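*Asks:* Right, I'll just put the structure down here and ask away after.
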Amino acid sequence: MRADGRVRVGPVPALAGRGPPRQGRLGHDRARRARRRRHRPRARPAHPRVARRGRPPAGRHRPGRAHRHRHRRRPAAPQRDRAEGQVHRPEDPRAGEDRPARRRPGPVGRAARRPAGPRLRPGRRRQHGPRLRPAGVHRRLRRAAQALRVRCGRTGTQGAAEALRQGRPRAGSAAYARFTALKKDVKAVAADQIRRLELAMVAQRRWTAREFTELFATHPLLWHVVRRLVWAVYTDDGATGFRVAEDRTLADADDETFTLPDDAVVGVAHPLHLGDALPAWAEVFADYEILQPFPQLGRPVHALTDAERAGSELTRFDGAKASTGRVLTLVRRGWQRGAPQDAGVEPWILKPLPDGRVVVVHLDPGIVVGEVMAFPEQKLDAVRVDTAGGYYWGAHRSTQTFATLDPVTESELIADLTEVFA
C-alpha cells in the first residue's frame, strides 16, 4: 500500500515468476484422477486373465485406469549403484535374477481366430471382373468351360480397371450373369448325360456313324465325356473298339488311327463285348491317365449257372431283405416301379430288357405310394422273366426261362440285385 492509501497494482516482487498457489500433492493427484475418470470411456479388459471386475493379476496395471505411480518420477539411483549395476531395491526377493521381458498380451476371441491378411469391410465383396474361373464346373467338363472362355474372349488375367478400359465385361454385368448361369447348367447336363450313357451301355443302345459324329464326337461339351469311354463298332462278326483322342480323332487299342465306316453301328462298349482286347484298353487308359465317368473297363462281370438259365425263377436271392430306400436306388439303374394295386401298394419292381420283355422282382410287403417308408424293409420273394405290360401278382406264374437272356443282361441283372440285396 502506498503512502497515499492506494493499493499497489502489479506483481509482488516476492512472488514474481510463480504461478497461482498450488494445492497439496495429495489433493492435486486426486483432482487429476477424478477429471480423467469423468472424461474417459470405460475400457474392456485387454487380457483374458484380467477380470472385468476384481483385482488385476500381480505385476499388471488395471485396464482403463491410470497407475498410481505412473506420473511420479522415481528417485535417481546413486552414482555408485549405477556404475556397479546395482539398481535393485533391497526388499525385492528376485534381486539379481534375469527377469524375462514382459510380453504384450495377444489378441483375444475372434481376433485370435481371424486369419492373417487383408480384411474386407462388412458388406463388401471382391470384384473379379473378367477373370471368370470355371472352378464350379464339373470336373469332366472344365476344358469345355475353358474353350468357352477363349471363344468369348475372356482369356486375359487383367484386373477390373484394365478390363474396363478394354471394354470387357466385369462382375455384375449381364455377360457375367450369363456365364455364371451357364456353369450351373453344365453341372446338371454333365450328371444327366453320364447317367444316360451308362444306361445306354447296359441297354445296348446303338447309333449310326452320322449320329455318333454329330451328337457325341463333335459336341462342344459332351465330347469331353465321350473321349473318356471306349466305343465299339458292332457287326455280325463281333465288336471292334475305338476311342476319341484329345484332338478329336479316332484311335484303336494300339493307339493307331481308326477310320469309322459310313454304315457303322456304334455303341458304348461293354467289357463283355471287348473280349481279349480288354487288358489292352485298360493299359491305354492307364498310360494316358484317363478317368472314366462311370465304371466301364473295371466293371464287374457276372454270369448265371446252367441250372439258373434252365429255370423260370432265379432262386439265388430268395428271402433276401433290404431297406425300402435301398430298393428304390434301382430306379437310377433303369428299373421301373410297378403299378399300384390294393391300398396303393406297389408289390413289384421291373427291369426292361433289350428284347421288349421285363424282369419282375416281387417284394413283400411292397412299396406304399405317397409314403414309401411306411414299410421300412422289403423281402425279395421271387425273380422272374415275363412279358411287358402283364399282371404279375397273385396266382400268375411265368413259364419263360432265363436262357433267352444275353450275357450283358445277365451280368447287369445279377450286379444290380447283388448290390441291393446281398
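The values are calculated or read from the model by the stated rules, or taken from the named source; none is laboratory data. This is a predicted model, so every value here is computed, not measured. In this analysis, Cβ positions are derived from the backbone assuming ideal geometry, glycine residues included, and neighbour counts consider all displayed protein chains.
*Asks:* Taking only pairs six or more apart or across chains, which ones have beta-carbon atoms under 6 Å, a first residue in segment 192-217 that is more than 19 Å from A239 (Cβ to Cβ), and a second residue that is not hydrophobic (A, V, I, L, M, F, W, C)?
*Replies:* I194/P293
*Asks:* Here's a follow-up. Sort through R243, R248, R205 and tell me the only one that's part of a loop (DSSP other than H, G, I, E, B), among the basic types (K, R), surrounded by 13 or more Cβ atoms within 10 Å (Cβ to Cβ) and in contact with a helix residue (DSSP H, G or I) (Cβ under 9 Å, 6 or more places away or on another chain).
*Replies:* That would be R205, the only listed residue that is part of a loop (DSSP other than H, G, I, E, B), among the basic types (K, R), surrounded by 13 or more Cβ atoms within 10 Å (Cβ to Cβ) and in contact with a helix residue (DSSP H, G or I) (Cβ under 9 Å, 6 or more places away or on another chain).
*Asks:* Determine whether S398 is modelled with pLDDT under 90 and surrounded by 15 or more Cβ atoms within 10 Å (Cβ to Cβ).
*Replies:* Values: modelled with pLDDT under 90: yes; surrounded by 15 or more Cβ atoms within 10 Å (Cβ to Cβ): yes.
Yes.
*Asks:* Inspect all residues belonging to segment 386-401 and state whether any of them is outside any loop (DSSP other than H, G, I, E, B) and free of Cβ contacts under 8 Å to residues at least 60 places away in the same chain.
*Replies:* Taking every residue of segment 386-401 in turn, at least one turns out to be outside any loop (DSSP other than H, G, I, E, B) and free of Cβ contacts under 8 Å to residues at least 60 places away in the same chain.
*Asks:* Still on this model: State yes or no: is T399 of a type in the set (S, T, Y) and closer than 23 Å to P300 by Cα?
*Replies:* no
*Asks:* Sticking with this one: Under 7 Å between Cβ atoms, at least 6 apart or on separate chains: pull out the pairs that start in segment 402-422 with a residue that is closer than 18 Å to H362 by Cα and end on any residue that is of a type in the set (S, T, Y) and assigned to a helix (DSSP H, G or I).
*Replies:* V420/T329
*Asks:* Can you tell me how many residues within segment 406-422 are of a type in the set (D, E) and farther than 14 Å from G334 by Cβ?
*Replies:* 2
*Asks:* Could we say that A307 is assigned to a strand (DSSP E or B) and within 30 Å of P271 (Cα to Cα) here?
*Replies:* no
*Asks:* Could you identify the single residue in A253, A282, A217 that is small (G, A, S), closer than 26 Å to E410 by Cβ and under 31 Å from the mean Cα position of the chain (by Cα)?
*Replies:* The unique qualifying residue is A282.
*Asks:* Take the residues in segment 365-385 that are touching a residue at least 12 places away in the same chain (Cβ under 8 Å) and in a loop (DSSP other than H, G, I, E, B); name whichever of them is farthest from P407 (Cα to Cα).
*Replies:* G370
Residue by residue, here is whether (1) of a type in the set (A, V, I, L, M, F, W, C); (2) surrounded by fewer than 20 Cβ atoms within 10 Å (Cβ to Cβ); (3) outside any strand (DSSP E or B) holds:
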site: G319; (1), (2), (3): no, yes, yes
site: G325; (1), (2), (3): no, yes, yes
site: V331; (1), (2), (3): yes, yes, yes
site: P340; (1), (2), (3): no, yes, yes
site: W348; (1), (2), (3): yes, no, no
site: G356; (1), (2), (3): no, yes, yes
site: V359; (1), (2), (3): yes, no, no
site: L363; (1), (2), (3): yes, no, no
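*Asks:* So, one more: Among the residues of segment 256-279 satisfying the criterion of being of a type outside the set (S, T, N, Q) and loosely packed, with under 12 Cβ neighbours inside 10 Å, which is nearest to A415 (Cα to Cα)?
*Replies:* Within segment 256-279, the match that is nearest to A415 (Cα to Cα) is G275.
*Asks:* Please verify whether T404 is surrounded by 12 or more Cβ atoms within 10 Å (Cβ to Cβ), on the phi < 0 side of the Ramachandran plot and polar (S, T, N, Q), treating the condition exactly as stated.
*Replies:* Here the answer is yes, as T404 does meet what is asked.
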